[in-house]
Each structure stands twice: as C-alpha cells, then as structure tokens.
Amino acid sequence: MKRVGIYVAAVAGVAAFGGALMAAGPARLKVSKNAQPHQVSVPRHLPAVPKGKVKVTKKTQGVEAVSVLQFDDNTCESGLGAGVQISSLVEFDPAPPCTNPGPLQILNMTGRMNTGSAQDFVFHNPGPTPGMVNMATVTQALVPSIPPAGACPATGGLQQRVLTTPVSFTPGNATNFYAGLRNTGFAGRDTTTSANRMWILCAACGMTQYSPTTLASIGFPGNWLIRVTVEDAGCTPVELQHIEVSD
C-alpha cells in the first residue's frame, strides 16, 4: 500500500467533498487525501487487527432457520462517510453452528444513515478482502432507499429493507462474506465496541479500499450499524448421533 499523508482536523460542521473520508459526532473529524501531510500517516504494512465474533439472533419463520447477524450494540455514536458514493461493508461470518458447507440466503438488509441516503444493497464474495472497488458480486436497489435519521449520538433510526430477490451463495463452513450499503453521506457507526469488520470502498478516493486496520490506524474504529437477516436451513446443524450409558 502506498504511504499516504493524512491530515486530521477538527471541524465545526459537516462538510462533504469528493475524495474525502469524514467522521461526524460530538468531535467531528475529517480526513482528506488531498491535504498536506500532518502528524498521521498510513504505513505501507499495518499489523493485523483481531476480529470480534458476530452476534447471532435466531428468529422463527415457519420451518426456516432465520438469523440476524450484527456487530453493533444498537447505539450510534458517530457517522463516517464521504460526499461521494462509497460502499460501506461489513465482513460477516455465516450463522453457526454448521457441520458442513450449505447454501445461505440473505433475505433482508438493515442499516442506519445519519445524512444522505443508502441506495443499494451490495454483496462481495468471501475472501480475505472484499475485492476490487465497484466490483460487487450482487447489487440490488433498496426500495425505498434508506433516508437519513439524523446526527448521532442517538439510538434507533435503523431501517430494514426486504431484498427483492434473496441473495443465495454457499460460503462453506467457518468462512466469511461481505455485505453492506452503497451510499452517499454518513452511515451510522457504533464506536463503543469494535469488531474490526468495517470496510469502506471508495472509487472517488483513488479506487481505495479502507480496511478495518486502515480505519483503526487513522482513528476510525467501530462497527457499522448494518445487519443482515439470513436463512440458513440448508446449513446442517450439529446433531447428536450416538449416546451410551454404562454403569
């Protein structure tokens, strides 16, 4: 990764401009790739960050195994985004337990926008990274788009959208997938916990991938308030196969 000088400055308001990442909250910061280098730089090689475990909330929907996957704690302390279209992604794990690979369906997308709107659901293939910017495997328009819910800190403001066509894929046991929003503006961010699963893909920022390690290194840790509802009936659960009792 190219060594890039990053300028960090406090601002009184929220100003959006192309090619910039900004955080909004009680202490608002902006990070501009076009500014002169200051005291913070992104080194060529960053240390790995530990990944937190996904929170799985089981739901009942007929005979299907439906789960909500999330990393946030339902509080929004800040926002992060740009004045251009970006992809705000979360690296999810398939809902456990599974003993062998099986198909998974993403049914719903839930998210919070502080400003601007989220226009599309995007899905990127499993792997160590989401892949190239603007190369989502699946893109579906959110109908209607997710509108702004206001500045944080705040609770609530989450809106769920049912995907027009459920997204099916086979992640295999103990692998991952990337899902999130294509949006313009500030997406809601939970900063009280950090699972290091938050990604930003920005075409206008030099086709840049902002990984969880990069975001943490420039002072933007936390979790997106982005969740997915999945149906994992095809993923075989752990079953009791044999039991013996002896005296």
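Any read-out appearing in this document is the output of simple, stated calculations on the displayed coordinates, not a laboratory observation. These figures come from a predicted structure and were not determined experimentally. Positions of Cβ are generated from backbone atoms using ideal geometry, with glycine treated the same way; all protein chains shown enter the neighbour counts.
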Exercise for review: Collect residues whose amide H, placed 1.01 Å from N in the peptide plane, falls under 5 Å from the amide H of ASN114; neighbours closer than 5 in sequence don't count.
Suggested key: ALA149, PHE186, ALA187, GLY188
Exercise for review: Could you calculate the contour length gain from MET132 to THR175, that is, 0.36 nm times the residue separation minus the distance between their Cα atoms, to one decimal place in nm?
Suggested key: 13.6 nm
Practice item. Check each of the chymotrypsin sites (Phe, Trp or Tyr not before Pro) in segment 177-223 and keep only those in coil by DSSP with at most 11 other C-beta atoms within 10 angstrom; list them in order. Key: none
Exercise for review: Tell me which residues come under 5 Å, amide H to amide H, from THR137 once H is placed; ignore anything under 5 positions away on its chain.
Suggested key: PHE123, HIS124, ASN125
Revision key, fill the gap. With label points set 7 Å from each Cα along the Cα-to-Cβ direction at THR193 and MET207, the distance between them in nm comes to 3.6 nm
Study note, to complete from the structure: Diffing segment 129-145: the Karplus 3J(HN,Hα) column from phi (6.51, -1.76, 1.60, θ = phi - 60°), in whole Hz with x for Gly and Pro, holds 9, x, x, 5, 4, 6, 10, 4, 5, 9, 10, 10, 5, 8, 10, x, 5
Point to revise | Whole-Hz couplings from phi, Karplus 6.51/-1.76/1.60, listed for segment 189-203; x for Gly and Pro | key: 9, 8, 9, 7, 10, 9, 9, 6, 10, 9, 10, 10, 10, 10, 5
Practice item. Scan around LEU107 for amide H atoms under 5 Å from its own, H built in the peptide plane at 1.01 Å from N, and keep only partners 5 or more places away or cross-chain. Key: THR229, VAL230, GLU231
